[in-house]
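Below: one structure, written as structure tokens.
Just so you know, all these numbers are worked out from the coordinates, no wet-lab data involved. This is a predicted model, so every value here is computed, not measured. In this analysis, Cβ positions are derived from the backbone assuming ideal geometry, glycine residues included, and neighbour counts consider all displayed protein chains.
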Amino acid sequence: MGILFARRPSGLSVLFSMVLAAVAGVESAFTSDFPFQALTAPHAQNADTVELGRKLFNDPRLSKTGTVSCSSCHNLASGGVDHLVFSRGEGGQIGDVNSPTVFNSSLNFRQFWNGRADSLEEQAAGPILNPKEMASSWDHVLGVIAGDPEYVRLFKKAFGEPAKPKLVTSAIAIFEKTLVTENSPLDRYINGDSTALTSQQITGLKKFQKLGCISCHQGKGIGGNMFQRVGLAEDYFKLRGGKPLASDVGRYAVTGREEDRHVFKVPSLRNVESTAPYFHDGSARTLEEAVTTMARVQLGRRLSPEDIKVLVAFLKSLTGKIPATAFPLPTRTPAHAD
Amino acid sequence: MQTKFRFSRLKIILIGAALLATIGAVMLMKDLQNEQTTHQATVTDFLTARHYNHLLNETVLRSRTFLTDDYDSLVSISGDLSLYCTEGPTPTNPNGTFDAGRWPDVMNAREKFCEALRKKLDSVERFKSANSILKNALHYLPELIAQTRDPVIRSVSTSGFNLLLRYAADPMSSEIRDEFESFLRQTRPDRRSVLQAEAAMHLQTGAKALQARGAAEADVFHPRVEDAILKLQSTYFRHDNERAQGSSRGRAFLVLACAFLGLITVGTFLKIHRDSLLLADLNLDLESKVKVILAECDRAEKANLAKSVFLANMSHELRTPMHGILSFARFGQQKIETATKERLKSYFDEIYESGFRLMALLNDVLDLSKLESGKIEYSPKANDLSETVRLVTSEMCAFSTEMGLRVEMLTHLPVFASFDNMRIMQVVRNILSNAIKFSERGSVVEIKIEKIANGTASCRVTNRGVGIPDSELESIFEKFIQSSKTKSGAGGTGLGLAICREIIHQHGGKIWAESGPTGETHFTFELPETPVESHRKAA
């Protein structure tokens, strides 16, 4: 059947559909095929493995000097981020990118801003071994684990064998898979509760679609399922100013292709209200800033304040409930709170 | 019997061959089924992979033609397809174990598949990117047209939009592309109209995105992934087919060989069976022959023993009269001067007596020997048995009178039979003399001669005397056997009846003794009317 469809559909049908879309109003084309999906409960994971993953996630001893844990930068208590422009790593080193949130990260089709990790397991190893972040090594991590009888017990219980790198990342990933924030107002609205969104938010939703934000921020994660270049309509980096950062090249660092320059993974907008600052370089401090910039560089639009207001209101409706598995939260505060 | 046997043998062979063929067929089917099951598993896997590939293509197309953003499903299908790089089916043997021999080929094919898939998924990403940009442009332009009141911008935007649409419909057309590009050149951003500039920008962006999308699409629909899956599939199945072919050929051959062997085996067994039956028959034959020979041996032994006994007896019998002769002769020699004439005469009498006895014994022995060796020549003629008996009776008249007996013939009618006169006279003489010897004084010896069934002549001599105990009726006909009731000194060698029996048997007749109800003894012999060449009958 793929062979059949290899032939381009006739111009007439394309024309017809486009005219229909244009004339009938973009709204109908969208609402009949709603681009968002409500979050569903994640797959139930083994309770022992989740407990182990949480312990590892919150454990700063895994870093070189025992000061940086996963939750130092992806703080479960504060929206899964550390609210810093760039995170602080081992020894106070400043990182290259803004920390994305760990909540709903399982919905992302790749991990990291440049999509270099295919899975959560792959991503979990990154910060551990990154000299700027946890500056650790597997030997050190396994040593810490072996030295803690609680870890030994948990590993035996969860996997039936002693710890090794694959199992450590597996446990962390399984824990992260449970961090799905359900029951956001949008989700409730999608599931039929017409009172879940305020009228402002509904206007914002419509605007979101009309403007075309929907073309990249769509799907279950409201983003997170494609790569896109930043600065389609206008040069983002010029607009931003400042020194070029290492992370500015985007996916080019991974593929080495010119067409991947400034291409990033489209971030998920879920819980965006609580993950300031925004963009890979943390250059947008507020949602209003982010929305304005995005509209300008991606859509080539200058939004009116009213538009911005309703869009931001809509974006705030994407905040879901913190799942029970995130608890207990770490009792220690992150090492480098701002 | 022979035909029946042959038919059943054929039936057995056919049944045997059919059975073996069935077993072979079942084995073959089972093996093929095993391979079939392995087949089925891998076919389904590859069908699924190809299905995902098609699904990916379709979803891409749907994203393009209906401008829906089904990127989540694109991601999900891509993920499913990618699993075949890491979790594809491994080659297995029919018995389910990992087939290491095929693994390198399969790995190669799988790597090529993964490479092709990587390229495809990359193109899908580029498609997504370009598609979303194009969609923005296409949505922005109508918005702009709707918003603006400026007729120039309106018309420009409309024509631009239309051109873009046409270009979108036919991105490969160089005419439209040229037209579009010239249009774009005309609508260069103008400081006076921001909207116009925006419109132009969107048109350009849209056009670029369209091109990029077209290129990405072409790569997405490149058949390399489908080809790679088919190649991977064939890598599995080529070996399976080869093995299945080889094995099914091999197994067919095996079945045929088994059937052939089976036929041979069945035939061999049947032959063995038949041979064993034959052997049993021969065995029985042999056994009976051996029995006969053993019996002969037995008899030969008995004869030997009898001869030894005979010799032993004979030597005694011979010696006794010899002693008599010698001792009386010596007496005579010694006492020739002194003994009286009467005394000397008694010595000579004794010598004569012993000599006579010795002569009789020797005659009898010789006779019997001759009879037994079959060297006697008979001249059987039709003779009158009555006459023969009368002759013998008158011969023994003096003897019978001496013993105070009377010998009486009950019938005088002639009875003809075929016999050797001399020999039968011998027989009658013997029997009669026995009868006389063993009769009570004053009794009568009766002889009855008659013709009985088949023209057989029968002669019966009856006497009253001490009789013969029932237990000895048979044995008296044995050599040297005399009745236990024999008075000591009654004389006789014990061979008489044996000789009689021999003679009678050689005439083909019968002879026997029996006791009557009132204590009399009957001796009867029968002679056939015509001579019968009969071998010595068993005793």
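Couple of notes before you dig in:
- A cysteine counts as unpartnered when no other cysteine's C-beta lies under 4.7 Å of its own; in the protein assembly as shown this applies to A:70, A:73, A:213, A:216, B:258, B:297, B:397, B:459, B:500.
- Rounded to 10°, Cα long-axis angle of helix A:149-159 versus longest principal axis of chain A: 50 degrees
- Restricting attention to region A:158-229, the count of lysine pairs at 8 or more positions apart or across chains with alpha carbons under 21 Å apart stands at 6.
- Listed from fewest to most Cβ neighbours within 10 Å, the set A:168, A:68 follows the order A:168, A:68.
- The protein assembly as shown: antiparallel DSSP beta bridges as a percent of all, rounded to 5: 85 percent
- Under 17 Å from the Cα of residue B:128 - aspartates and glutamates, other chains or at least 8 residues apart: A:259, A:260, B:58, B:69, B:70, B:72, B:217, B:219
- Working note: Karplus 6.51/-1.76/1.60 with θ = phi - 60° gives region B:144-160 the couplings 4, 4, 5, 6, 6, 9, 5, x, 5, 4, 4, 5, 4, 4, 4, 4, x Hz, where Gly and Pro are set to x.
- Within the protein assembly as shown: Cβ-based charge dipole about Cα centre, in debye rounded to nearest 20 (Lys, Arg +1; Asp, Glu -1): 1400 debye
- In order through region A:169-180: 3J(HN,Hα) via Karplus (6.51 cos²θ - 1.76 cosθ + 1.60), integer Hz, x for Gly, Pro: 5, 4, 5, 4, 4, 5, 4, 5, 5, 7, 8, 10
- Kirkwood Rh in Å, taken over all unlike Cα pairs in region A:213-338: 16.2 Å
- 3J(HN,Hα) along region B:265-271: 4, 4, x, 4, 4, 4, 4 Hz, from the Karplus curve 6.51 cos²θ - 1.76 cosθ + 1.60 with θ = phi - 60°, whole Hz, x for Gly and Pro.
- Residue exposure sequence - A:226, B:409 - by fewest surrounding Cβ within 10 Å: B:409, A:226
- Choice from A:100, A:60, A:35 showing the highest fluctuation, given a GNM over chain A with Cα pairs closer than 10 Å: A:35
- Axis angle, to the nearest 10 degrees, between helix B:421-437 and the longest C-alpha principal axis of chain B: 70 degrees.
- Principal-axis tilt of helix B:2-65 within chain B, Cα atoms, nearest 10 degrees: 10 degrees
- Estimated from the Cβ-Cβ distance and a Förster radius of 45 angstrom, the FRET efficiency linking residue B:257 and residue B:80 is about 0.40.
- The alpha-carbon of residue B:381 sits under 14 angstrom from the alpha-carbons of these aspartates and glutamates, leaving out residues fewer than 8 places away in its chain: B:420, B:529, B:533.
- Residues of type lysines that residue B:11 reaches as a straight line, Cα spacing below 29 Å, ignoring anything fewer than 8 places off in the same chain: B:30, B:271
- Which of B:386, B:159, A:184 has the fewest Cβ neighbours within 10 Å, and the rest in rising order: B:159, B:386, A:184
- Multiplying the residue separation of residue A:257 and residue A:129 by 0.36 nm and subtracting their alpha-carbon distance yields 43.5 nm.
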